[in-house]
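Structure record follows, encoded as structure tokens.
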Amino acid sequence: MKVNIGKKILTTNEEYAAKNRQILSEKKKFCLNMISSPGSGKTTILSRTITELKGKIKIGVIEGDIQTDIDTQRIMATGAPAVQLNTDGACHLSALQVNAALKKLPLDGLDLIFIENVGNLVCPSAFELGENAKIVVLSVAEGDDKPAKYPAIFAKSKVLLINKIDLLKTAGQVDFDIERAKTDARRLNRNIEIFPVSARTGEGFADWCNWLIKAVKNQKH
């Protein structure tokens, strides 16, 4: 008898993703799954977002990493609750792991939950976690060809954050055509929201944070 292991894994994941979706829906919590390559600045973006939205939105974070709790410590330093998930080598978080993490977060006191997935543009895009939407982060240091080379995640994401735009102001520091990246992303997903930001300087964060405020408000109605 032939057993399709890949199908079984995905089916189990989908079952837990549905459970997570139900939990979040019943409690009217907005949840975003943040995906990117390593080093794009996800944790720095989250830390700045939490700080910018203090007093406006209560945020909790599920931190995914292969090893260590370094990023979780950075998030907790902002005062936000965070739960660490280590995959011990796996290239993505699973819905089962997220289900366990949701039970450890003070959900009733939160408006928004971020899931910071393992640094990888490929594997996480194939696994639903029960989130309301995916967010993909692309730093200008990675190159403007990423939407064309890794189309799946850009096609599935509701938001594209183009990070480290402060590097574009220094001539010759990076070779990144921001309009090319935008065009390629919109060719894959015409409805994708694109926010060029700098987590270091705060540039572009007003528009990003306003989008989050509206999304959270809509989730509650």
Give the stretch 51-69 a look and list any residue that's buried (at least 17 other Cβ atoms within 10 Å of the Cβ), of a type in the set (Asp, Glu) and within 19 Å of Ala199 (Cα to Cα), or say none. Glu63
For the stretch 26-57, which residues satisfy the criterion of being under 13 Å from Asn120 (Cα atoms) and not in a loop (DSSP other than H, G, I, E, B)? Asn33, Met34, Ile35, Ser36, Lys42
Examine the stretch 120-138 for a residue that is surrounded by fewer than 19 Cβ atoms within 10 Å (Cβ to Cβ) and within 17 Å of Arg190 (Cα to Cα), and state whether such a residue exists. yes
Tally, over the stretch 136-156, of residues that are among the basic types (Lys, Arg) and touching a helix residue (DSSP H, G or I) at 6+ places or on another chain (Cβ under 9 Å): 2
Determine, yes or no, whether Leu85 is in contact with a helix residue (DSSP H, G or I) (Cβ under 6 Å, 6 or more places away or on another chain), among the aliphatic types (A, V, I, L, M) and part of a strand (DSSP E or B). yes
Could you go through the stretch 133-143 and let me know if any residue there is more than 23 Å from Phe176 (Cβ to Cβ) and either at pLDDT below 95 or not in a helix (DSSP H, G or I) (or both). yes
Can you pull out the residues in the stretch 156-167 that are buried (at least 16 other Cβ atoms within 10 Å of the Cβ) and outside any loop (DSSP other than H, G, I, E, B)? Lys156, Val159, Leu160, Leu161, Ile162, Asn163, Ile165, Asp166
Taking the conditions exactly as written (among the β-branched types (Val, Ile, Thr), surrounded by fewer than 19 Cβ atoms within 10 Å (Cβ to Cβ), assigned to a helix (DSSP H, G or I) and at pLDDT 95 or above), does Thr183 satisfy them or not? yes
Filtering the stretch 68-85 down to residues that are of a type outside the set (D, E, K, R) and out of contact with any strand residue (DSSP E or B) (no Cβ under 6 Å at 6 or more places or on another chain), which residue is modelled with the lowest pLDDT? Thr68
All but one of (1) of a type in the set (Asp, Glu); (2) at pLDDT below 95; (3) buried (at least 22 other Cβ atoms within 10 Å of the Cβ) hold for Asp175; which doesn't? (3)
Can you run down the residue pairs with Cβ atoms below 7 Å, 6 or more apart or on separate chains, where the first is in the stretch 168-194 and closer than 17 Å to Ser40 by Cβ and in contact (Cβ under 8 Å) with a residue 12 or more places away in the chain and the partner is among the polar types (S, T, N, Q) and assigned to a loop (DSSP other than H, G, I, E, B)? Ile192/Ser157
Picking from Ala100, Ala80, Ala90, which residue would you name as being under 24 Å from Ala215 (Cα atoms) and aliphatic (A, V, I, L, M)? Ala80
Test Ala126 against the stated conditions and say whether it is at pLDDT 95 or above and of a type in the set (Gly, Ala, Ser). no
Out of all the residues in the stretch 91-108, which are part of a loop (DSSP other than H, G, I, E, B) and over 21 Å from Gly79 (Cβ atoms)? Cys91, His92, Leu93, Ser94, Lys103
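The values are calculated or read from the model by the stated rules, or taken from the named source; none is laboratory data. In this text the structure is predicted, and so the values were computed from the model without any measurement. Positions of Cβ are backbone-derived with ideal geometry, glycine not excepted, and every protein chain shown enters the neighbour counts.
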